[in-house]
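The values are calculated or read from the model by the stated rules, or taken from the named source; none is laboratory data. What you see is a predicted model, and the numbers here were worked out from it, not measured in a lab. Cβ atoms come from the backbone with ideal geometry, glycine included; neighbour counts cover every protein chain shown.
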Amino acid sequence: MADTADTQQFDAGPEARKAAGAERTAARLARQIGAFARQHGGAEGQVAYVGERGARIVLVGEDGDWGDLFAPTYAIAEEAVRISGITVHEAFDGELAGKVRTGPYEWKRMAGLQLGGRQGA
């Protein structure tokens, strides 16, 4: 009788593949959060649900610079900030909002057409 190894190929199935993809996405986002934190002397953040699009991770560096990332789901965003180890705030107000340094670029973007207006209108 032939000796057969007990090796079965395991098809993870769609749910397992989806979970593995979510883990990879969270790990990638966590690396990006970590890079932002290193570049800005540390960081804090807030996760906001934005509907079907997923969740926005707002990052505020210790130097006042800020940025954001999008995750496909709120759960992935929460996992990414957990892995990264940053302090996470429930809301973007008070202490966290007070750390944001807004520069000329942001002021121009917020003002839109009010600064200079449209030519010929």
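Filtering GLU44, GLU95 for residues that are without any contact (Cβ under 8 Å) to a residue 12 or more places away in the chain and either on the phi < 0 side of the Ramachandran plot or out of contact with any strand residue (DSSP E or B) (no Cβ under 6 Å at 6 or more places or on another chain) (or both) leaves a single hit, GLU95. Taking the criterion of being small (Gly, Ala, Ser), on the phi < 0 side of the Ramachandran plot and at pLDDT below 95, the residues of segment 1-39 that qualify are ALA2, ALA5, ALA12, ALA16, ALA19, ALA20, GLY21, ALA22. Counting only residues that are crowded, with 16+ Cβ neighbours inside 10 Å, modelled with pLDDT of 95 or more and small (Gly, Ala, Ser), segment 40-86 holds 9 of them.
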